Amino acid sequence: MKNTELIEKYNEGERSFRLADLSGASLSGANLSGANLRGANLSRANLSRANLYGADLYGADLSGADLRGANLSRANLSRAYLSRAKYGETEILSIGEIGPALSSGGHTTYLVLKDRTIHCLRGCFSGTIDEMDARSKAEHTHENRRWYESAIAHIRMSAEQVWDKRMTPDANRPNEQIED
C-alpha cells in the first residue's frame, strides 16, 4: 500500500490497515489517530510528527522508523518491533508494558531509550518516568500511589537491565557483539 492510498482511505473513514506493507512510507505529520495497524510493516517509515493517538500498533514492525515528535499517547505498542527506531534525539532500545493499574485498569507502556532515558505512555500522559513519578505523587491516593511506586521501580530496573546488556562499560559505546 502506498502512503497516499493510506491517507486517502483514512480520510474517507477507513481505520483498519492490518498487515499493511508501508515499509519506507513517508507519513510525516499524518493523522492516523485510532488506526488499526496491527502487524503492519512500517519499517524505515517516516512517522515524524504523525498523530498516532490511540493507534493499534500491536506486533507492527517499526524497525528503523522515524518517530520523532510523533504522538504515541494511548497507542498500543505491545509486541511492536522497534529496533533502531528513532524517538526524540535517540533510538528506542526496548519497549515494555506494565499494568493494569488500580485506578483505571489501564496499562503503562514505556520506551527504554539509548540516551538512558525512559519515556512513559499512560492514557493521556506522555512524558519521562520522572514526570510520571511527580504527577502520580501529586494526583493519586495512597493505595494508587503504592502501585505507581512499585511500577516505577520495576520500569527503572527493567531499563537498567536493557542498558547493561546493550552497552559496554565505557562511556555508552554500543557493544558491537549484541544483536538487536
Next item on the list: Express as a percent, rounded to the nearest 5, the fraction of DSSP beta bridges in segment 1-124 (both residues included) that run antiparallel.
Entry: 50 percent
Notebook entry, point to check: When ligands, DNA and RNA are left out and all protein chains stay put, how many square angstrom of accessible area per residue does the chain have with a 1.4 Å probe?
Noted result: 53 Å²
Next item on the list: Apply the Karplus parameterisation 6.51 cos²θ - 1.76 cosθ + 1.60, with θ equal to phi minus 60°, to every residue of segment 114-123 and state each ³J(HN,Hα) to the nearest whole Hz, in sequence, with x for glycine and proline.
Entry: 4, 7, 6, 10, 10, 10, 10, 10, 8, x
Check: Sorted from largest down, what three extents in whole angstroms do the Cα atoms of the chain have along their principal axes?
Finding: 48, 42, 22
Notebook entry, point to check: Build a GNM of the chain with springs between Cα atoms under 10 Å: which of His119, His154, His107 gets the top mean-square fluctuation?
Noted result: His154
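Could you give the dipole magnitude of segment 44-111 about its Cα centre, charging the beta-carbon of Lys and Arg +1 and that of Asp and Glu -1, in debye to the nearest 20?
I would put it at about 120 debye.
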Notebook entry, point to check: Quick one: ranking Lys137, Lys86 by accessible area, 1.4 Å probe, largest first, what do you get?
Noted result: Lys137, Lys86
Checklist line | Candidate lysines for bridging to Lys2, where Cα separation is under 24 Å - those fewer than 8 sequence places away on the same chain excluded | finding: Lys86
Check: Between Ser78 and Arg49, what is the spin-label point distance in nm, taking each point 7 Å from the Cα along the Cα→C-beta axis?
Finding: 3.3 nm
Item checked: Carbon + sulfur, % of accessible area of segment 39-160 - ligands and nucleic acids excluded, 1.4 Å -> 47 percent
Note to self: Mean-square fluctuation check for the chain, GNM, Cα pairs under 10 Å: which of Arg122, Arg18, Arg135 is largest?
What the structure shows: Arg135
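As a test of understanding, state the convex hull volume per residue of segment 52-115 from its alpha carbons, in Å³.
Each residue corresponds to 82 Å³ of Cα convex hull volume.
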Check: Hey, which aspartates and glutamates would be in cross-link range of Lys165, C-alpha to C-alpha under 12 Å, not counting anything within fewer than 8 residues on its own chain?
Finding: Glu176, Glu179, Asp180
Item checked: Cut-off 10 Å between beta-carbons: net charge of the residues surrounding Arg44, Lys and Arg +1, Asp and Glu -1 -> -1
Note to self: Just to be sure I understand: with springs between alpha-carbon atoms less than 10 Å apart, which residue in Ala159, Ala75, Ala151 has the highest mean-square fluctuation in the Gaussian network model of the chain?
What the structure shows: Ala151
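The values are calculated or read from the model by the stated rules, or taken from the named source; none is laboratory data. Being a predicted model, the structure only gives us computed values, none of them experimental. Note that each Cβ is placed from the backbone with ideal geometry, even for glycine, and that neighbours are counted across all protein chains shown. Accessible surface is based on the protein model in full, side chains and every heavy atom, while ligands, DNA and RNA are left aside. Shrake-Rupley method; radii C 1.70, N 1.55, O 1.52, S 1.80 Å.
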